[in-house]
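Visitor: Please read through the structure below; I'll follow up with questions.
The values are calculated or read from the model by the stated rules, or taken from the named source; none is laboratory data. All values derive from a computational prediction rather than experimental measurement. Note that we place each Cβ from the backbone using ideal geometry, even for glycine, and neighbour counts take in every protein chain shown.
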C-alpha cells in the first residue's frame, strides 16, 4: 500500500511540512476502523474501534475428507471454526528520507564543485589550446548573495541541490549520514589539493626554468643540424661537409 501524508492533523516534526506519514487509514486516530484495508503497522493501529493485532479469526466452512467412506459420501461439510495460523512476517517499515543539508555543509560542497570546475577550465585552456588567459578564479565560488541566501533560507536552491546529491548519489538516509559524506569528500580533497598544486607548480617549472629552456634549445639545434646533414646526403654534397654536419649533431 502506498504511504500518504495525513490530512486529519497528525503531526511529526521530523517529516516534511510537519505532517505525519501513514501506511493505512487505520493508523490515524481521526479515522474509523475499516476492516477492508490494511490494519496498519504494529504499534500504530490508532483508528477508532480498531480491534488491534489480536483480531479474532473469521469462521470459515471447510471441507472434510473422510478416509474409507463409501463412494459419493467421501466429502462432508462442517461449520467448525477454521484453524488460522498467523504469519510471523510484519509489514515493511517505510523509511521516509526527509532532511535538508545545513548551510555550512552546503557552502563547503558547492565551493568544492566550483574548485573542480576551475581546475578543468584551466587544464582545457592550457592543454588543448595553449591558452593562458583564464577566467578570474573569483568567478568560481559562491557570491555573497548566494551565501546570504543559504544562511537565511534552509530550503534554498543550493541546499536542495546538495541534498539531492546526498540522497541519490551518496545514498545518505539521514542528515548525519549526508553531512558525513560531504565531510569525507572534503577530507580527500585536502590530499588531492596537494597533488593539484604540485601539477601546477611543476608545469610552471618546466616551462620557465632556465635549465629546461637550455635543454629544449639544445635539442632543437641538434634536430636542425641533423636535418641539414640528411639534406646534404640527398643532394650529393662532399663527404667532408657531411662529416662536419654529422659531428655537430653528436
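Visitor: Give the residues of segment 1-32 that are part of a helix (DSSP H, G or I) and farther than 18 Å from residue 174 by Cα, sorted by residue number.
Guide: Answer for segment 1-32, where residues must be part of a helix (DSSP H, G or I) and farther than 18 Å from residue 174 by Cα: 25, 26, 27.
Visitor: Follow-up. So which of 111, 208, 174 ends up being within 25 Å of residue 99 (Cα to Cα) and without any contact (Cβ under 8 Å) to a residue 40 or more places away in the chain?
Guide: That would be 111, the only listed residue that is within 25 Å of residue 99 (Cα to Cα) and without any contact (Cβ under 8 Å) to a residue 40 or more places away in the chain.
Visitor: Further question on the same structure: Would you confirm, using the coordinates I've provided, whether residue 168 is within 30 Å of residue 17 (Cα to Cα), surrounded by 14 or more Cβ atoms within 10 Å (Cβ to Cβ) and under 26 Å from the mean Cα position of the chain (by Cα)?
Guide: In short, no.
Visitor: Select from segment 117-148 the residues that are part of a loop (DSSP other than H, G, I, E, B), at pLDDT 90 or above and out of contact with any helix residue (DSSP H, G or I) (no Cβ under 9 Å at 6 or more places or on another chain) and list them in ascending order.
Guide: The answer is 136, 143.
Visitor: Counting just the residues of segment 97-111 that are touching a helix residue (DSSP H, G or I) at 6+ places or on another chain (Cβ under 8 Å) and either at pLDDT below 60 or outside any loop (DSSP other than H, G, I, E, B) (or both), which one comes out surrounded by the most Cβ atoms within 10 Å (Cβ to Cβ)?
Guide: Within segment 97-111, the match that is surrounded by the most Cβ atoms within 10 Å (Cβ to Cβ) is 106.
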